Every structure is written in C-alpha cells, then in structure tokens.
Amino acid sequence: MAVPPIQRSPNAPSAGPSAGVRLPWLLDSVLGLLIIVALPLAIIAIPNTVSVVSGLLPDGFDKLALMRAHGLALPAMILTVPLAAVALRHVKVAHMLLGGLAVLALADAAGGFAGSTFLVAVLRVLHGVGAGLLIPATLVAAWERPMALRAIWTGMLAVSLLTAQALALWPLDDVDDWRVTLQPYPLLTGIALALAAVYFVVWLLQGQPPMPTPRAGESSRLLLASVPAVGIAVVAISTASEEWGAGLVILLAVLAIVALLVMAYFGSREGRTLAYVMVAVGIVLLPSLAQVTYVEMRGLGGPGLLGGPGTTGLWIPFLVAGLLALAAAVGVRLFAGSRWLVPLGLLAMVVGLSSVRVVVPAADGLVLVIPFTLLAAGAAVALTSALGQVGIGAALFGLALCFPGVLAGYLLATGVQLKMLRGVTVAQQLVDRFVGTLHLWSLIGGFLVVAVIVLAELLTRRAAPVVEASSADGESASSSEDLASSPGAEVAGEGSDAEAESWASGGDGSDRRRRHSGVDAVEVPVQPGAGDEDRPTGAIPRVSVSDPVSDFSGHGAAAARGERASGAGDARKGASRAADGAAGGDAAGMEGAAEDTGPVPPVPPQAQSPEDTTSP
C-alpha cells in the first residue's frame, strides 16, 4: 500500500539558512563585518606600487627586478582562486578564512624585514595566495545566509576593484621606507584576523552550520578555469622579463581575453551570463581606475588622494561611489530580480567609461563622483543580478575568471601605453600622451563591455535554467545547483547539463515523479519494480498539504502531484494494474485494480507528530 508522505508539524522549526542556528544575527553580523574588511584587504594586494618608492631603494637593488618580483601577487592570486574553490569541498569555510588571513598577516609581518629581491618575491606570492583563499571563502560563507550578505559581498567586490589602486598608494604618501609597499595596512590585517577568529568561535558555538560546496562536475570546471589563468600568468611574467614590444603585448592580451570569453561559454548554461560579467568587470574596472588614479595624482597636476587648498581630494568621490554601489547591490538583491538589470549595469559602466574621456583630467576631485559612481554602481548591479540567477558552483566558476580578466586588462593597458609613449622624451608631452592613453583605453574598455553584453544576450538567450527556485521569504531565483550542493541534500547522479535535461523530460524512458511545493520542483527518478517505501526521495522540498487524506486518495492524489493518470486504469487489468499502480504511484491504476481485487482500504488519518509537543 502506498504510504503518504508525512506532513511536517506547524509547530516544528522552519527550515532555511538560519535553521538550527541559535542567534543567527550574531553570525551574520560578524560575517558582514568580515566581508567589509577582508575583501578590500585581499584586492589591495593586486597593485604593483614599488615604482612609486623606487627612489628610496638602497644601493645594490635592481629596480627592474624588484618591480617584477613585486608584481607576482596577481599571478599567484589567479592560480589560487580556482584551487581554493575546489578545496572547499573538503575544507571548512571558517578554516579557510582563518588560513587566508593568517597567510596575509604573516606576509605583512615579514615585509618589514625584506632585504632582497628574492624575499620580496616570496612575500608577494604569499600575499596573492592569502588573497586567493579569502575571496572564494567569503563568497561561500555568505551564500546561504540572508540575502543582504550576498549583496554586500558583490558590492564590496565592486568597491574594492574601484579603490584598490588608490588604497595601495595612500600609505606611500611621504614615507621614508620602501618596505611600506609590502605591509600597507598591518592594523587592518590584524582587525580582519581578529574578526575571522570571532567568526570561527561563533561558528563553532552555533554548531558549525553547513555551507554549500561545488559538486564533482563543477569542480572539474573550476580546474579547467585554471588553464587560461596559468597561460595568462606566464604571459604576464614573460612580458615583464623579456621586454616584449607593444604590438606583441597587445596581441597576447587580446588572445588572453578571447580565451577567457571562450572559457566563460564552456561553463554551465545558467552561469554563462555571470561568467561574462565577471570577465568584463575584471578587465575594465581595476585597470581603468588604476590609470585614472595615477593621472589625478598631484605630481601630474591632479588633486591627489587627500586634495589641497581649495580642491577636493579623490577620497570623497571614492567614498560616495562606494556607498552608492553598496546601496545599489542591496537594493537589487532585496527588491528587484529582473535579468535585464545585468545589461543595464554593464551599460552604466559604458557610460562611466565615456564620462572618463570627458572629465579626466580634473583639477578638482568632486567632478569624478560621476564616472566613479557609474562604474562602481554599474558593476555592483550587474554582479548582484547575475549572481542571483546561479548556484554556488557557477558562482565560483565566474569568480575564477574574474581575476585572470584583471591581469589580461593590465596587459592590454600596458601594451597601449607602450604604443602611445614610444619615443617621448619631453615631460609635458609624456603627461599628454599618458592622458591620451587613458582616453583611448576608456574607448577600448567601453567597446569591450558592449561586446560582452551582446555575447551574453546571444549565447544565453536559449539557455534557460534547469530549475528555478524562489524561497518564500523573497529569495531570488536560483538553480538546481543550489539544491544539489547544499549539505545533506544528495541527488542521485551528478550528470552534466544534458543529463539534467534528460531528467526533466524523462528521456531515458523510465517513470518519474515530480513533487511540487508551490515554488520549486525537483524530479526524482523512480526505480522500476520498487515500492514507495523503497524509492529514493533525493532532495525533495517540504510539502505543505491541507488535507492529507483527501489529497492522497483516488484522483485527488493524481491531481495534487500533477501525474499523468488518464488512460492508466484502462490499460492494465487485475493484479498487474495494482502492482503498476503501487510501483508508479498512479492513482488511476489503483482504482482499476480495485475493480478486480476489491476496494482499496482508505489511508488512516495522520497521527500526531512528536514535534507537536516541541515548542518552536
């Protein structure tokens, strides 16, 4: 006899991100502060600023070799991010957060004792590894927490890419030791490490809430994403070492960008849009703002970071743009979910790049609020909207392509600079060419973002998500990867997208059952010849049924489950129809069997659940 599923008692605690967690607000508050502090700290490791303090280097230092060693942080980071994402299948997120910040703190502490180019190279690699551990760990930690935390993560990623160059240069103002470039914010590193320790303790006290992890197939994609990262890192190091010409550097940078776009296409269908957005934001945002920051420094006639008498420094437009970007990300996550926000955010970035050509260089920093806000808010909106449409595996895959995009953008900008500055010897002409290079780069970046918008629309229009789920508390649509990658939820088989389509359509010819919970649907294969009690349930959401007796008897069960009951009673006779009805869950088959074998006994009412006695 078919046994109806047990309805969960209304007195039982509800499932969700905070289920089983005491004082979830404490864990969320600490995690939010950790994201706000740790993400900028990780991105600050990217810029190579040792050339600014080259005059402070002692005799015997090879300045060019030191610059090459100082630039190893970004190649180390782009190689660490996908490997760290794969390692999260076996390493706890809290442990990785502590480990990443500990590596950064160690590199900062040892930076004060650096006395050789080799040691500088080692410390910069450690900076890149620590940052590469932190970035995916913070994303996974925020994934199944309240919606605002994921929006804070995307907003802080955009703000960090916007301000990284300025924040890396700020501690170098009026310094007397070049080693400051190796430890720009030691106090901030200590604060972040303390927050990570508090988060770890709270996480332990809360019973170690489980975190989502990528599946085996998604881990393979993440490892595949490291292939172009290795190639771009090798090209960048070779460019700095071999002193290649401008034309060759530009060609290699273009090939690197094409490789990243191709790799984005080979990700999961639902994650292609996010992958394209991550590549575009990485290529354009930080390389563009790095050039704007250098042009607006005092040495080139700009207001500088802090400003001067009668002028507004760059810190005000950076602050305003950062706050507006965070607000835009939270607003998109909480109140909007349209996929058209992705191209709108990218178009805002195009307008911001166009405004750079108009307002830069500026004698006063206040006017830079316009391009900074358009770039930061546009990136935050596009990232937040695209991230809300994918699962954790696709999110980590897109993240793995973002920072190779940053390095490819730096390569392309370097090639353009070499082309524009060739043969220039006069100081004023050098400044003019430098500004002209920025304007040309803004034009190139704008066309690149437009190309990404067109690619994303053309290549993802036919790729509808396999499963779209929206939680009752307003969570935006997410993919079936969210469900399958959640701890404790195991779906039979970890197939490809084609296999997922076969599941949805029943392409393998087997009988399949679909359970509905109002907002999400997960299909579970039925094993032929097995009874209801032997069938795998998989990751089936909780079903609320108003009347279990009436809903699971006769035609009411077929209507409630949306099963194909028509014609089943006429197609089978006698006891075989009863067996088929029991094996396939077909109510009409059960009715047909009743004609020959007698009436089917009614299902008894549901007994009282033990959870009814448990206070919520």
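The values are calculated or read from the model by the stated rules, or taken from the named source; none is laboratory data. Values in this document were obtained by computation on a predicted structure and should not be read as measured data. Glycine also receives a Cβ, built like all others from the backbone with ideal geometry; neighbour counts cover every protein chain displayed. Keep in mind that these areas ignore ligands, DNA and RNA; they rest on the heavy atoms of the full protein, side chains included. Shrake-Rupley method; radii C 1.70, N 1.55, O 1.52, S 1.80 Å.
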If I go through the range 111-136 residue by residue, how many of them are more than 17 Å from I44 (Cα to Cα) and either touching a Leu at 6+ places or on another chain (Cβ under 6 Å) or not in a helix (DSSP H, G or I) (or both)? 6
If you take the residues of the range 223-244 that are farther than 14 Å from L74 by Cβ and at pLDDT below 85, which of them is nearest to the chain's Cα centre (by Cα)? S238
Failed criterion for P361 (all others in (1) part of a helix (DSSP H, G or I); (2) touching a helix residue (DSSP H, G or I) at 6+ places or on another chain (Cβ under 6 Å); (3) open to solvent by 10 Å² or more (accessible area, probe 1.4 Å) hold): (1)
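What residue, of T425, T414, is without any contact (Cβ under 8 Å) to a residue 24 or more places away in the chain, over 22 Å from S219 (Cα atoms) and not hydrophobic (A, V, I, L, M, F, W, C)? Even if it seems obvious, please write down each step before you answer.
Details: T414 fails: without any contact (Cβ under 8 Å) to a residue 24 or more places away in the chain.
Every option except T425 fails the conditions.
State whether the residues of the range 148-159 include one that is modelled with pLDDT under 90 and surrounded by fewer than 21 Cβ atoms within 10 Å (Cβ to Cβ). It would help to see each step written out before you state the result.
From the range 148-159, those modelled with pLDDT under 90 are 148; that's our starting set.
Filter once more, keeping what is surrounded by fewer than 21 Cβ atoms within 10 Å (Cβ to Cβ): 148.
Scanning the range 148-159 turns up at least one residue that is modelled with pLDDT under 90 and surrounded by fewer than 21 Cβ atoms within 10 Å (Cβ to Cβ).
Please work out if A451 is under 28 Å from L139 (Cα atoms), modelled with pLDDT of 90 or more, open to solvent by less than 20 Å² (accessible area, probe 1.4 Å) and not in a loop (DSSP other than H, G, I, E, B).
Values: under 28 Å from L139 (Cα atoms): yes; modelled with pLDDT of 90 or more: yes; open to solvent by less than 20 Å² (accessible area, probe 1.4 Å): no; not in a loop (DSSP other than H, G, I, E, B): yes.
Considered against the rule, which asks whether it is under 28 Å from L139 (Cα atoms), modelled with pLDDT of 90 or more, open to solvent by less than 20 Å² (accessible area, probe 1.4 Å) and not in a loop (DSSP other than H, G, I, E, B), A451 comes out as no.
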Of all residues in the range 310-323 being open to solvent by 20 Å² or more (accessible area, probe 1.4 Å) and out of contact with any Phe, Trp or Tyr (no Cβ under 9 Å at 6 or more places or on another chain), which is farthest from A377 (Cα to Cα)? G310
Can you pull out the residues in the range 137-171 that are of a type in the set (D, E, K, R) and in a helix (DSSP H, G or I)? R150
Before we move on, is L101 touching a residue at least 60 places away in the same chain (Cβ under 8 Å), part of a helix (DSSP H, G or I) and buried (at least 21 other Cβ atoms within 10 Å of the Cβ)? yes
Within the group Y265, Y276, which residue is crowded, with 20+ Cβ neighbours inside 10 Å and under 19 Å from the mean Cα position of the chain (by Cα)? Y276
